[in-house]
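A.B. asks: So that we are looking at the same thing, I have put the structure below in structure tokens.
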Amino acid sequence: MKTLFANIGNTHSELAWDNLVNVDIIKTVDIMKELAYRAHEVDRLVVASVVPKVTGQLCVRFGQKLILLNAELAKSIKFADVDHFSIGADRIANAIAAQKHYSAPVMVVDCGTCVTTELIDKSNQFQGGNILPGRLLQRKILASATGQLPLAPLNSSLAKSPGRHTMEAIQSGVDLGLIGAIEKLITHNSKNFPDMTIVFTGGDAKFFKKHFPDAELAPPHFTLSGLLELAK
Ligand SMILES: Nc1ncnc2c1ncn2[C@@H]1O[C@H](COP(=O)(O)OP(=O)(O)O)[C@@H](O)[C@H]1O
Ligand SMILES: CC(C)(COP(=O)(O)O)[C@@H](O)C(=O)NCCC(=O)O
Ligand SMILES: [K+]
């Protein structure tokens, strides 16, 4: 039986057959086209999706072959104190991956379209987390919600602060602001978990990790590895 795994995020999606050696990264806007090429080989499609429009299309296309990750399938994680119906499937997969790769307590910082955190304690409880707009999303909202601000490009290193022109002011404002926000979340969330491990993952993980020397950089395709773990 051939199982295809898919992690469908708001910007990118990852596709893999039962291992992490050959992972294809596809823009989520193109994911249905990509899956159409592969549909004939797929006996089972195991998906973590946070894009309901795509989830709906997958239900129609794959029917009974489709398995959607939700908190009820994540038997190794307990959700006693959280609203488990509301938690994104990628965040549940991150919790499973954190449990597999690190010793608890552990907080994942997923730097994607949004920055999310997921905190898992020693007794495998999902304690909850945080959601805030990521580096690109903050740039986009500044450009779209104002008359005069340009869309500032992403840069791999920090822009000068104080910024000497509009672009530098946006880049340093957003990027330093997010680093500060993550620092604050770590300090705040670690009050009850002083020895917790911090793990960075997601498309922007390398950028942020540089500013957190005590944190870990997750192995490649970390979220997807959580999804694969589920199928074992
Ligand atoms: N070349 C790039 N194209 C798009 N996003 C990038 C790029 N380099 C860094 N990023 C950052 O990575 C984020 C997307 O990360 P990703 O993990 O793919 O997101 P998601 O899981 O939401 O699909 C973007 O929002 C942006 O902040
Ligand atoms: C918070 C998210 C938008 C993050 O998505 P991403 O940036 O990884 O594409 C996604 O996990 C989501 O839609 N979650 C549902 C709400 C929640 O997790 O509480
Ligand atoms: K993600």
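The values are calculated or read from the model by the stated rules, or taken from the named source; none is laboratory data. Keep in mind the model is a prediction, meaning the values are calculated, not measured. Backbone-built Cβ (ideal geometry, glycine too); neighbour counts: all protein chains shown. The protein model used for the area step is the full one, side chains on, heavy atoms only, and it has no ligands, DNA or RNA in it. Shrake-Rupley method; radii C 1.70, N 1.55, O 1.52, S 1.80 Å.
A.B. asks: Tell me which residues, restricted to the range 208-226, are open to solvent by 10 Å² or more (accessible area, probe 1.4 Å) and not charged (D, E, K, R).
C.D. replies: Listed by number, the residues that qualify are HIS211, PHE212, PRO213, ALA215, LEU217, ALA218, PRO219, PRO220, HIS221, THR223.
A.B. asks: Consider only pairs whose beta carbons are under 6 Å apart and that are at least six residues apart or on different chains; among these, list those whose first residue lies in the range 1-28 and is in contact (Cβ under 8 Å) with a residue 12 or more places away in the chain and whose second residue is away from ligand 1 (no atom under 15 Å from the Cβ) and in a loop (DSSP other than H, G, I, E, B).
C.D. replies: MET1/ASP43; LYS2/ASP43; THR3/ASP18; LEU4/VAL42
A.B. asks: Something else about it: Output yes when any residue across the range 50-57 is within 16 Å of ligand 1 (Cβ to nearest atom), of a type outside the set (S, T, N, Q) and touching a residue at least 60 places away in the same chain (Cβ under 8 Å), and no when none is.
C.D. replies: Looking for residues that are within 16 Å of ligand 1 (Cβ to nearest atom), of a type outside the set (S, T, N, Q) and touching a residue at least 60 places away in the same chain (Cβ under 8 Å), one finds none in the range 50-57, hence no.
A.B. asks: Consider ILE77 carefully, then state whether it is open to solvent by 30 Å² or more (accessible area, probe 1.4 Å), under 17 Å from GLU229 (Cα atoms) and aliphatic (A, V, I, L, M).
C.D. replies: No, not satisfied.
A.B. asks: So which of ILE120, ILE131, ILE182 ends up being of a type in the set (A, V, I, L, M, F, W, C), touching a helix residue (DSSP H, G or I) at 6+ places or on another chain (Cβ under 7 Å) and closer than 19 Å to THR223 by Cα?
C.D. replies: ILE120
A.B. asks: Just name the residue that is nearest to ligand 1 (Cβ to nearest atom) out of those in the range 69-105 that are outside any loop (DSSP other than H, G, I, E, B) and more than 15 Å from the chain's Cα centre (by Cα).
C.D. replies: For the range 69-105, the residue satisfying everything is HIS101.
A.B. asks: Within the range 17-33, how many residues turn out to be out of contact with any His (no Cβ under 9 Å at 6 or more places or on another chain) and open to solvent by 50 Å² or more (accessible area, probe 1.4 Å)?
C.D. replies: Total satisfying the criteria: 9.
A.B. asks: Quick one: how many residues across the range 182-205 are open to solvent by 40 Å² or more (accessible area, probe 1.4 Å) and within 16 Å of ligand 2 (Cβ to nearest atom)?
C.D. replies: Number of matching residues: 1.
A.B. asks: Show me the helices (runs of 4 or more DSSP H) entirely contained within the range 136-232 in which 2 or more residues are touching a residue at least 40 places away in the same chain (Cβ under 8 Å) and in the same structural domain as VAL115 (by TED's automatic domain parsing).
C.D. replies: 166-189, 205-209
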